[in-house]
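Each remark here refers to the structure printed beneath this line.
Read-outs: derived from the displayed coordinates by stated rules, not from any lab. Just so you know, these numbers come straight off a predicted model, no measurement behind them. Here the Cβ positions follow ideal geometry from the backbone for every residue, glycine too, while neighbour counts run over all protein chains shown.
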Amino acid sequence: MHVAVQAIDRGIWRNGVASEGTRFIPEETPLALTYNGGTYAVMMGTPQNLEDFAVGFSVSEGIIKSVDDIKSLDIVRLDDGIELRMWLAPDDAARISERRRHVAGPTGCGICGIESIAEAVRPPAVVSQGPSFTPEQIMAAMQAIAPLQSINLQTRAVHAAAFWSPPGNIVALREDVGRHNALDKLAGALARSRTDPRGGLVLLTSRVSVEMVQKAAAIGAPVLIAVSAPTALAVRSAEAAGITLIAIARQDGFEIFTPGSRIATRHATEVANVA
C-alpha cells in the first residue's frame, strides 16, 4: 500500500547526546504516466492526489487542452510504483506518440527527457490580464498556506502549491516532495473543479525556475507568488508570458520582478488619481 507519510525509527545524535526516536517522513515512489497504453514519462513523487497530478501534468505538458480530453483515467498500484493510465481520443494519442519521452524523472525534475535546448526554453503561453490584488491580499494569501500543509506539518520536507481567490480563500492546495509535481497537482485540481485560474493567485513554497513559469502559463495563471527567489530566465519567461512574478514573499513583504500592473498599491492608486 502506498501512503504519503511513513513513520521511521532512527538514531539521533544532538548536543553531544545519543538517543532514539521516530520521525515522520514523506514517501517517494515512481509514478508512470501512460497514454493509450504507452508510457510517456516516469516521475518520482508523493503518492497522493494522483488524479490531480495526472490531469495537471497532461495540461502543463500540452498533451491535453482540458480535462475533457481524457476519456478515462485509472490509478493502478503496483508493488514497485503506481501507473496513471489515461486514454485519449485516437487523434490526440497519435500526436503525442511522436514526442513520447520514455524517461525517469528524479524528484524535482521539471524538464527531464527534453531532447533540445529550444524545447527546454520554449516560449510560454501568454496569459490574460485578470484582476488586480492589493499587497494585503497577497500577504494574507501567503500566510494562509502553512496551516493547510498537512504533510509538511508532519514532515517539514515537502513543497506546496496553492490557489487563492477573493474574498480571501485558499481554494486548493497540493503537496509533493517535488515542487514541479506540487504545481502539476494544483493545475489538475483546478482543471477538475472547473476553477478559472485567471481570477486568483498561484502560490508556491519553493523557488521559481523557468519550468515553474511555463507550467503557470500553461494553466493560465496571471500572478505567480513564491517564498524564494526566481532565476533570471524565470523572470524573462514570466515577462514574455505576461505573468506578474512576485517572489521572496515573507511576513514583512515581497518583491515584484515583472511589471506589477496587477498589484494595486496605494502609491499606484495615488498616481492614477493625480493623472
Starting from the 7 Å offset along Cα-to-Cβ, what nm value, one decimal, do you get for the label separation of GLU136 and VAL76?
5.4 nm
Express as a percent, rounded to the nearest 5, the fraction of DSSP beta bridges in the stretch 195-253 (both residues included) that run antiparallel.
10 percent
Using a basic spin-label model with each label point 7 Å from the Cα along Cα→Cβ, how many nm lie between ALA157 and THR22?
1.5 nm
ARG250 to SER66: extension gain in nm, 0.36 nm per residue of separation minus the Cα-Cα distance?
62.9 nm
Take the alpha-carbon positions of the chain, form their convex hull, and give its projected area averaged over all directions (one quarter of the hull surface) in nm².
17.1 nm²
What residue among GLN143, PHE133, LEU33 has its Cα farthest toward the positive end of the dipole of the chain, where the charges are +1 on Lys, Arg and -1 on Asp, Glu, each on the Cβ?
PHE133
Going by average Cβ density within 10 Å per residue, which order do the peptides 210-222, 65-77 take, highest to lowest?
210-222, 65-77
What 222 nm value per residue comes from the helices of the chain, counting each DSSP H run with n ≥ 4 as -39,500 (n - 2.57) and dividing by all residues, nearest 500 deg cm²/dmol?
-8500 deg cm²/dmol
What is the gain in length, in nm to one decimal, between ALA146 and ARG198 on full extension, counting 0.36 nm per residue of separation less the C-alpha to C-alpha distance?
16.4 nm
Each label sits 7 Å from Cα toward the beta-carbon; between THR39 and ALA125 the label points are separated, in nm, by 2.8 nm
